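Working notes for the structure below.
The values are calculated or read from the model by the stated rules, or taken from the named source; none is laboratory data. Because the structure is a prediction, the values reported are computed rather than measured. Every residue, glycine as well, gets a Cβ built from its backbone with ideal geometry; the counts of neighbours run over all protein chains shown. For accessibility, only protein heavy atoms count, side chains too; no ligands or nucleic acids. Shrake-Rupley method; radii C 1.70, N 1.55, O 1.52, S 1.80 Å.
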Amino acid sequence: MKVITGNDLKTGAVIWWDGRGWSIHVEDAADAGDGGEQILAVEDAACRVNGGYVIEAERGLDGKVRPAHIKDRIRALGPTVRPDLTLKPADPDAGSWVI
Amino acid sequence: MYKYDHYDQAMVDARVADFRDQTRRRIAGQMTDDQFKPLRLKNGLYLQLHAYMLRIAIPYGTLDSRQLRKLAHIARTYDRGYGHFTTRQNLQFHWIKLEQAPDILAELAEVEMHCIQTSGESIRNISADHYAGAAADEIMDPRPWAEMLRQMTSFHPEFSYLPRKFKICVIAAEEDRAAMRWHDFGLRIVKNEAGEVGFEVYPGGGMGRTPFIAYKSADFVPQHQIFSYLQAVLRVWNRHARRDNIHKQRMKILVHELGEEEFTRQVEEAFEHILRLGTDFPQAEYDRIAAYFEPPAFETGLRDEIDRSDPDFAVWLDQNVAAHKAPGYAIANISLKPIRGIGGDITAEQMEVVADLAERYSFDELRVAHTQNLVLPHVRKQDLYAVWQALRGAGLADANLDLVTDIIACPGLDYCSLANARSIPVAQKIAERFADPARQHDLGELKIKISGCINACGHHHAGHIGILGVDRKGTENYQLLLGGSGDEHTTQAKITGPGFDEDGIVDAVERAVEHYRTIRESGERFIDTYRRVGMDGFKEAIYG
Ligand code: HEM
Ligand code: SF4
């Protein structure tokens with residue numbers, strides 16, 4: 001699947017296109033098919049995203065979206081060396097998803 | 001310490017106001033990202049993996065307690081409670097919001113700090129020996145010259161559209177503690193036979209994907225001609241540099257392509273011309289600046305003996321404390337490399353502890369070292385025990401300066417959008433492997449430096465052991481290098497062979513270190529043994 005990501009213009013937070021708007025949770029990411037660049041052009045012009053790009057991802061057996069590249073998995077979670085600063089601070093195993 | 005005059009303050013304040021307006025317009029949609037990006041970069045604001053990143057200049061690595069407390073306040077109020085010191089003596093915050101960035105710049109301006117020229121094709125923050133003004137072996141304090149050059153090059157129109165970034169470093173001792181020859185323009189203050197002060201000049205160094213060690217272009221430039229000489233170097237580069245390929249625009253590439261001799265010839269020609277224009281600093285201006293760097297009022301008649309009865313303190317004393325030029329004083333290094341910590345990271349609370357210590361025990365001064373550690377430059381020997389106790393209470397008393405666990409590591413793929421691989425976890429695993437203090441001390445000075453990509457922010461080219469993260473078909477892979485250094489015998493590390501995965505690289509480092517331990521001769525550091533025996537034996541030990 002193809003997923004759209006970028007950073008929130010004002011806060012810099014990593015965001016994912018969920019089909020209608022932007023979410024900070026990769027789990028919400030929608031398959032953008034071939035429409036990614038078009039959606040990005042609109043969202044960029046409306047200042048709702050900064051530095052947006054389209055990535056490859058797959059939906060795992062658990063139904064969760066997993067970006068193909070490690071860099072985007074780290075973006076999705078947070079720094080692997082600071083579990084307390086990730087989106088899943090209570091899950092000690094969260095980092096294993098990245099590798 | 002230098003204090004802003006009203007020109008400095010007005011310039012910095014005006015920049016804050018400009019940036020506030022630019023940010024407002026960007027958020028209101030009146031500017032595209034392509035238009036805004038160069039403006040934010042001019043103020044050190046990058047977009048990184050998880051947020052914006054703000055790089056704050058710390059001129060020649062000198063800070064006072066008021067400034068460090070302000071950084072602590074910013075960490076707590078606008079970031080996530082910590083900051084990261086870099087190999088260029090700067091501080092980075094990794095969780096900045098664009099909408100708050102102008103407020104942060106305004107807060108920094110209140111304490112004479114800014115982010116100007118911390119990015120882009122400009123003359124970057126000028127670095128210096130972190131023992132400046134304190135070292136027993138220095139000819140003079142190099143910081144007045146660094147400050148003069150900072151003033152002469154800030155917003156200088158001829159240097160506003162350089163082909164690429166330009167990094168200057170000034171030292172004033174035989175021992176190079178600042179990796180001077182890895183800079184675009186390295187200066188060493190020397191005295192000639194007549195006792196006059198001048199500069200040895202080393203242009204053309206740099207790391208990144210094409211590393212070069214700076215060469216010596218002049219043995220002695222009289223002190224009051226140094227700005228002319230710098231202008232000459234910049235002019236030759238500005239005139240001839242390529243501007244069509246970002247990877248070939250650093251000055252080191254031009255020096256390499258023209259050859260050292262021809263580059264020097266052209267610089268000397270330009271130097272002669274510029275000298276006649278009379279743009280160097282007058283003595284009065286030098287005196288005005290130098291007055292800010294007058295040594296503090298050191299007490300006399302202090303005792304030199306230190307009570308070593310606490311064995312943990314004695315270990316720290318031997319490892320982290322260096323000789324000071326004033327009797328009864330010492331230089332105390334604060335390691336930011338706790339085992340299992342993140343090298344160079346410091347929490348807001350720790351910043352406040354260090355600020356208090358600087359104020360109380362070090363004439364309100366502290367320094368940032370390129371090794372991502374801090375320094376209290378002027379501590380009375382009789383106060384060292386109290387300083388150590390306070391540091392220990394804040395988790396800042398690791399006695400590992402220059403040892404195998406004092407690792408330089410860039411933020412790598414945990415934070416940096418240019419990274420191929422993570423640096424910090426590798427540093428942590430190596431540190432854990434060698435955590436035993438007895439083992440570390442037995443191994444002695446050993447500098448490991450890790451970069452998450454070819455840009456070499458983690459100085460892997462200059463590591464006794466260097467590690468470079470590469471992307472191998474989408475997985476993290478690490479190359480091992482040996483034999484680099486950033487000291488007065490600067491050398492470039494060489495790649496040992498095929499790369500390793502994350503656990504493999506830790507084992508490979510250990511094999512290299514154990515090989516050293518087996519074959520070292522008495523008194524040899526890792527780098528000495530490597531230089532004596534060369535790569536082959538190490539290679540065999542590493543790859544079997
Ligand atoms: C996280 C954001 C960062 C970005 C985007 C970044 C970008 C870069 C780039 C593109 C280069 C290569 C320049 C060239 O070869 O022309 C470079 C080099 C360098 N950076 Fe960074 N860097 C970052 C963080 C850091 C940090 C955290 C440090 C210190 C730990 C650092 C210190 C350096 C140094 C020392 C060099 C080598 C200088 C040389 O080539 O002479 N940078 N950086
Ligand atoms: S070396 Fe590469 S990965 Fe590390 S901070 Fe520099 S640009 Fe980022």
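The number of residues in region B:467-481 that are within 8 Å of ligand 2 (Cβ to nearest atom) and part of a loop (DSSP other than H, G, I, E, B) comes to 0. Scanning region B:243-301 for residues that are of a type in the set (S, T, N, Q), touching a residue at least 40 places away in the same chain (Cβ under 8 Å) and surrounded by 15 or more Cβ atoms within 10 Å (Cβ to Cβ) returns B:Q249, B:T264.
Yes/no per residue for (1) aliphatic (A, V, I, L, M); (2) within 14 Å of another protein chain (Cβ to nearest Cβ); (3) within 16 Å of ligand 2 (Cβ to nearest atom); (4) on the phi < 0 side of the Ramachandran plot:
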| position | (1), (2), (3), (4) |
| --- | --- |
| B:M207 | yes, no, yes, yes |
| B:R239 | no, no, no, yes |
| B:R242 | no, no, no, yes |
| B:L254 | yes, no, no, yes |
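Starting from residues that are buried (at least 18 other Cβ atoms within 10 Å of the Cβ), of a type outside the set (D, E, K, R) and more than 9 Å from every other protein chain (Cβ to nearest Cβ), keep the ones in region A:40-68 and report whichever is nearest to A:I99 (Cα to Cα). So, considering only residues that are buried (at least 18 other Cβ atoms within 10 Å of the Cβ), of a type outside the set (D, E, K, R) and more than 9 Å from every other protein chain (Cβ to nearest Cβ), the one nearest to A:I99 (Cα to Cα) is A:P67. Among the conditions (1) open to solvent by 60 Å² or more (accessible area, probe 1.4 Å); (2) within 16 Å of ligand 2 (Cβ to nearest atom), the only one that B:T32 does not satisfy is (2). Against the list (1) within 16 Å of the chain's Cα centre (by Cα); (2) surrounded by 21 or more Cβ atoms within 10 Å (Cβ to Cβ), the condition B:K165 fails is (2).
Taking the condition crowded, with 24+ Cβ neighbours inside 10 Å, more than 14 Å from every other protein chain (Cβ to nearest Cβ), more than 16 Å from ligand 2 (Cβ to nearest atom) and within 30 Å of B:V190 (Cβ to Cβ), does B:H464 pass? Against the criterion (crowded, with 24+ Cβ neighbours inside 10 Å, more than 14 Å from every other protein chain (Cβ to nearest Cβ), more than 16 Å from ligand 2 (Cβ to nearest atom) and within 30 Å of B:V190 (Cβ to Cβ)), B:H464 qualifies. Only one of the listed residues (B:D33, B:D18, B:D79) is more than 26 Å from the chain's Cα centre (by Cα), within 14 Å of another protein chain (Cβ to nearest Cβ) and of a type in the set (D, E). That residue is B:D33. Look at region A:66-81: where a residue is under 16 Å from A:G52 (Cα atoms) and in a loop (DSSP other than H, G, I, E, B) and a partner is modelled with pLDDT of 95 or more and open to solvent by less than 30 Å² (accessible area, probe 1.4 Å), sitting 6+ places away or on another chain with Cβ atoms under 8 Å, you get A:H69/A:I55. Restricting attention to region B:401-420, the residues that are at negative phi and more than 8 Å from ligand 2 (Cβ to nearest atom) total 9. Among the residues of region B:146-171, those identified as closer than 10 Å to B:Y60 by Cα and in a helix (DSSP H, G or I) are B:A146, B:E147, B:R150.
Of the residues that make up region B:123-134, is at least one β-branched (V, I, T), within 16 Å of ligand 1 (Cβ to nearest atom) and surrounded by fewer than 20 Cβ atoms within 10 Å (Cβ to Cβ)? No, region B:123-134 has no match at all. Scanning region B:420-434 for residues that are in contact with a Cys (Cβ under 9 Å, 6 or more places away or on another chain) and either open to solvent by 10 Å² or more (accessible area, probe 1.4 Å) or not in a loop (DSSP other than H, G, I, E, B) (or both) yields B:N420, B:I424. Taking residues in region B:418-432 that are touching a residue at least 40 places away in the same chain (Cβ under 8 Å), and partners anywhere that are more than 12 Å from ligand 2 (Cβ to nearest atom) and of a type in the set (K, R), the pairs with Cβ atoms closer than 8 Å and at least 6 places apart or on different chains are B:Q428/B:R340; B:A431/B:K337; B:A431/B:R340; B:E432/B:R340. For region A:88-99, give me each residue that is more than 10 Å from chain B (Cβ to nearest Cβ) and either within 13 Å of the chain's Cα centre (by Cα) or part of a helix (DSSP H, G or I) (or both). Scanning region A:88-99 gives A:A94, A:S96, A:W97. Would you point out the residue of region B:187-205, among those that are more than 11 Å from ligand 1 (Cβ to nearest atom) and open to solvent by less than 10 Å² (accessible area, probe 1.4 Å), that is farthest from the other protein chains (Cβ to nearest Cβ)? The qualifying residue farthest from the other protein chains (Cβ to nearest Cβ) is B:G198. Here is a check on your reading of the model: is B:A358 assigned by TED's automatic domain parsing to the domain that holds B:A330, more than 16 Å from ligand 1 (Cβ to nearest atom) and open to solvent by less than 20 Å² (accessible area, probe 1.4 Å)? It is true that B:A358 is assigned by TED's automatic domain parsing to the domain that holds B:A330, more than 16 Å from ligand 1 (Cβ to nearest atom) and open to solvent by less than 20 Å² (accessible area, probe 1.4 Å). For region B:244-324, the helices (runs of 4 or more DSSP H) that sit wholly inside it and include 1 or more residues that are within 16 Å of ligand 1 (Cβ to nearest atom) are B:251-258.
Only one entry of B:L68, B:L47 meets the criterion of being within 16 Å of ligand 1 (Cβ to nearest atom) and within 25 Å of B:H459 (Cβ to Cβ), and that entry is B:L47. Looking across region A:6-21 at every residue that is crowded, with 21+ Cβ neighbours inside 10 Å and more than 10 Å from chain B (Cβ to nearest Cβ), the one that is nearest to B:I96 (Cα to Cα) is identified as A:I15. Screening region B:482-544 for helices (runs of 4 or more DSSP H) wholly inside it with 3 or more residues that are under 27 Å from the mean Cα position of the chain (by Cα) returns the ranges B:502-519, B:526-533.
Against the numbered list (1) over 30 Å from B:A173 (Cβ atoms); (2) more than 14 Å from chain A (Cβ to nearest Cβ); (3) not polar (S, T, N, Q), B:D129 comes up short only at (1).
A single member of B:V379, B:V368 is β-branched (V, I, T), open to solvent by less than 20 Å² (accessible area, probe 1.4 Å) and within 28 Å of B:G458 (Cα to Cα), and it is B:V368.
Of the residues making up region B:210-219, at least one is among the aromatic types (F, W, Y), more than 16 Å from B:Q151 (Cα to Cα) and either assigned by TED's automatic domain parsing to the domain that holds B:A146 or at pLDDT 95 or above (or both). Only residues that are open to solvent by less than 10 Å² (accessible area, probe 1.4 Å) and either away from ligand 1 (no atom under 13 Å from the Cβ) or part of a loop (DSSP other than H, G, I, E, B) (or both) were counted across region B:451-461, and they come to 3.
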